Amino acid sequence: MIRIGEMAKICRTQVRTLRFYDQIGLLPADSVDETTGYRYYDPAKIAVYRQIICLKELGFSLEEIGLFLSSRENKRLEMYRRRKITLEEDIRRAKEKILHIDKACADPRRGMFPTDEQLPPTSFEDDSAAIGRWEYCGDVPEGQTFTDESSLIHRDIPLKSLWFLPGGRQVWMYFWTKGILYCQIPAMNITVPNTYRIFDRDGVTYMKINWLTDKCLYSTAQDCIRIYRRVDNCAHILQETQLYRDDIHRPFIPDPQAEGIWKAAGIIRDKNAFSPTSMDWDAHACFLRELEFREDGICRKLMRNGHETVRASCRYTAGYILNSQTEFAEQYEIRTLGGDDYLITEHKSGDYAYLGKVNCYFVFRRKTP
């Protein structure tokens with residue numbers, strides 16, 4: 001017989017996981033020392049544990065794994081067949097969504113925010129139970145199942161609120177179809193499908209999401225189970241999801257120091273540590289290539305979108321560039337270093353609209369005549 005600590009080492013897991021599996025009857029101990037409370041296992045249970053892990057990697061829930069282990073061969077084959085059908089359907093839907101994302105990325109007319117277009121009807125399946133707003137409760141500890149909110153691990157995640165809009169419409173970097181929440185990872189240029197399930201517990205409606213993390217894409221790390229609580233079941237519109245907007249109706253105050261043309265110099269994360277010789281990204285990474293501040297309160301922008309050059313105009317007032325389309329007031333300041341004038345302005349994007357975060361600043365150098 002193997003003591004529980006040694007069993008955990010052999011199986012490369014934690015003692016609390018084995019205890020939990022024993023409590024729910026998934027991997028019961030063969031004997032328990034009444035004096036010490038230590039659990040002991042027959043060496044054959046190592047193979048059973050490894051079978052549990054393999055079934056989890058295939059997407060079976062702990063309840064399904066328990067049924068699998070206690071079933072005859074024909075029942076197990078049927079469970080494998082149903083799981084294969086589910087995975088094939090997930091892959092089909094994911095491919096359709098990815099094609100839609102590729103088309104959207106290839107369209108130079110598409111701006112910072114999604115348009116009013118709905119997703120193609122062939123790739124969207126409605127789920128009225130999902131529509132509405134959901135709030136993050138926490139993550140289920142590894143090897144355990146959700147019992148109540150007090151058992152969850154609360155992590156600092158970006159998506160503290162989820163909005164399931166009618167038609168699966170995209171919000172920031174995610175969209176949905178029945179049973180799947182798709183999240184985009186811009187840094188890797190991919191879209192990840194996260195399966196969800198809605199259930200009721202003690203009169204409260206929850207959503208359980210098998211969340212794929214970035215690490216899962218590089219290694220054998222498992223996805224985490226994330227729990228959200230329903231806030232409402234309203235058919236919200238996109239504007240309601242953008243919680244952070246600015247006052248763009250500020251009166252015009254001239255700024256003679258800003259008047260003129262400014263050329264992109266680079267991008268920085270911390271404006272307090274700005275130095276002309278140390279940029280986090282160079283000017284080529286900045287889609288906003290040029291700013292022109294006119295004395296009548298108009299700020300003209302020269303932007304680079306792929307291979308196209310686009311010009312646009314907005315208003316400004318002393319200290320702020322005002323964008324009526326996004327309802328952002330991007331604060332700017334001018335510094336003189338080494339005899340050159342630099343204009344540093346906030347770059348507000350989806351991170352600001354949905355999280356209230358300014359992740360970087362654009363730096364411009366005054367264009368000399």
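The values are calculated or read from the model by the stated rules, or taken from the named source; none is laboratory data. As the structure is a computational prediction, the values presented were derived from the model and not from experiment. Here Cβ is always computed from backbone atoms with ideal geometry, including for glycine, and neighbour counts include all displayed protein chains. These accessible areas exclude ligands, DNA and RNA; they are computed on the full protein's heavy atoms, side chains included. Shrake-Rupley method; radii C 1.70, N 1.55, O 1.52, S 1.80 Å.
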- Message: Quick check on the stretch 203-217. Is at least one of its residues among the basic types (Lys, Arg), in contact with a strand residue (DSSP E or B) (Cβ under 6 Å, 6 or more places away or on another chain) and at pLDDT 95 or above?
- Response: yes
- Note on the structure: Cys299 fails exactly one of (1) without any contact (Cβ under 8 Å) to a residue 60 or more places away in the chain; (2) open to solvent by 40 Å² or more (accessible area, probe 1.4 Å), namely (2)
- Query: Of all residues in the stretch 312-324 being within 31 Å of the chain's Cα centre (by Cα) and surrounded by 15 or more Cβ atoms within 10 Å (Cβ to Cβ), which is modelled with the lowest pLDDT?
  - Reply: Asn323
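Go through the stretch 150-195 and give me each residue that's of a type in the set (Ser, Thr, Tyr) and more than 14 Å from the chain's Cα centre (by Cα).
As a first pass, look at the stretch 150-195 and keep what is of a type in the set (Ser, Thr, Tyr): 150-151, 161, 174, 177, 182, 191, 195.
Result: Ser150, Ser151, Thr177.
Consider Phe274 carefully, then state whether it is in contact (Cβ under 8 Å) with a residue 60 or more places away in the chain, among the aromatic types (Phe, Trp, Tyr) and open to solvent by less than 30 Å² (accessible area, probe 1.4 Å).
Working: in contact (Cβ under 8 Å) with a residue 60 or more places away in the chain: yes; among the aromatic types (Phe, Trp, Tyr): yes; open to solvent by less than 30 Å² (accessible area, probe 1.4 Å): yes.
So Phe274 fits the description; yes.
Within the stretch 325-345, how many residues are open to solvent by less than 30 Å² (accessible area, probe 1.4 Å) and not hydrophobic (A, V, I, L, M, F, W, C)? I'd like the intermediate steps shown before the answer.
Filtering the stretch 325-345 down to residues open to solvent by less than 30 Å² (accessible area, probe 1.4 Å) leaves 326, 328-330, 332, 342-345.
Pick out the ones that are also not hydrophobic (A, V, I, L, M, F, W, C) and you get 326, 330, 332, 342, 345.
The number of residues fulfilling the criteria is 5.
Considering only residues that are among the small types (Gly, Ala, Ser) and outside any strand (DSSP E or B), look in the stretch 252-311 and name the one that is modelled with the lowest pLDDT.
Among those that are among the small types (Gly, Ala, Ser) and outside any strand (DSSP E or B), it is Gly306.
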- Scanning the stretch 139-169 for residues that are touching a helix residue (DSSP H, G or I) at 6+ places or on another chain (Cβ under 8 Å) and without any contact (Cβ under 8 Å) to a residue 12 or more places away in the chain gives none
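Considering only the stretch 329-336, I want to know if a residue exists there that is under 14 Å from Lys263 (Cα atoms), part of a strand (DSSP E or B), at pLDDT 95 or above and not hydroxyl-bearing (Ser, Thr, Tyr). Break it down stepwise before answering.
First, the residues of the stretch 329-336 that are under 14 Å from Lys263 (Cα atoms): 334.
From what is left, the residues that are part of a strand (DSSP E or B) are 334.
If we keep only those that are at pLDDT 95 or above as well, we get 334.
Still in the running and not hydroxyl-bearing (Ser, Thr, Tyr): 334.
Scanning the stretch 329-336, I find at least one residue that is under 14 Å from Lys263 (Cα atoms), part of a strand (DSSP E or B), at pLDDT 95 or above and not hydroxyl-bearing (Ser, Thr, Tyr), so the answer is yes.
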- Message: Taking the condition of being over 19 Å from Ser128 (Cβ atoms) and of a type in the set (Gly, Ala, Ser), how many residues in the stretch 154-202 meet it?
- Response: 2
- Item | Single residue of the stretch 1-59 satisfying the filter (in contact (Cβ under 8 Å) with a residue 12 or more places away in the chain and basic (Lys, Arg)) that is farthest from Met79 (Cα to Cα) | Arg3
